[in-house]
Amino acid sequence: MVFFGGLLGLMGLATLVFRDADVVGLPAPGVGGAFLVVGAGFVGVGLLRRAARKRRAARGEPVPVGDVFERARALPRMLRAAKAEGYTAVSGGQKTLWVLALVYLVSPIDILPEFLPVIGVADDAGVGVWLLTSVSTAAGLYLRHERERRGLPPA
């Protein structure tokens, strides 16, 4: 999130410095300022999440392991284990929310219509980010579970 926020901030700064004409019918200073504010928000939330992750690790709570590719490869194993082996860390309610999020992303019906500039895709982006982070975290915790079950160090 910190990286994404930094990119948004750079886009906002570049819009403020280099853009003279309107952006999608909106004044360039307003768009640049909005990107800066949203980017700063993402950086702030990312830093808060990092601090919370460190506190959880210090308390001894399980922390997800693996990179994006390892977690993606572990996802089918996790879903099979949740169904066949009784892996209980992924609840039925959580899987239902994942399916509903996928249906919402694919569905042509949105809370905020797509024809609204910039914010029209915000609801889809929010649901997509939630879905990816939720699935990634669950897969990382499953990787940790697998490694502990084999007697390997989690990291």
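The values are calculated or read from the model by the stated rules, or taken from the named source; none is laboratory data. Predicted, not measured: the structure shown is a model, and the values here were computed from it. Cβ: placed from backbone, ideal geometry, glycine included. Neighbour counts: every protein chain shown. These area figures cover heavy atoms from the full protein model, side chains too; ligands, DNA and RNA do not enter into them. Shrake-Rupley method; radii C 1.70, N 1.55, O 1.52, S 1.80 Å.
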Among (1) 12, 43, 37, 8, 0; (2) 9, 31, 35, 19, 5, 0; (3) 10, 27, 30, 20, 10, 3, 0, the entry that matches P(r) over Cα pairs in 10 Å bins from 0, in percent as calculated here: (3)
Residues of the chain: accessible area per residue with a 1.4 Å probe, Å²: 67
Pair GLU70, TYR104: separation of 7 Å Cα→Cβ label points (nm): 3.1
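How about the range 50-155: which GluC sites (Glu not before Pro) there lie in a loop by DSSP and see at most 16 other Cβ atoms within 10 Å?
Details: sites: GLU70, GLU85, GLU114, GLU146, GLU148; in loops: GLU114.
Within the range 50-155, the qualifying GluC sites (Glu not before Pro) (loop, at most 16 other Cβ atoms within 10 Å) are GLU114.
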Largest-first principal axis extents of the Cα set of the range 11-69 (Å): 53, 25, 17
Carbon and sulfur %, accessible surface of the chain computed with the full protein complex present, 1.4 Å: 71
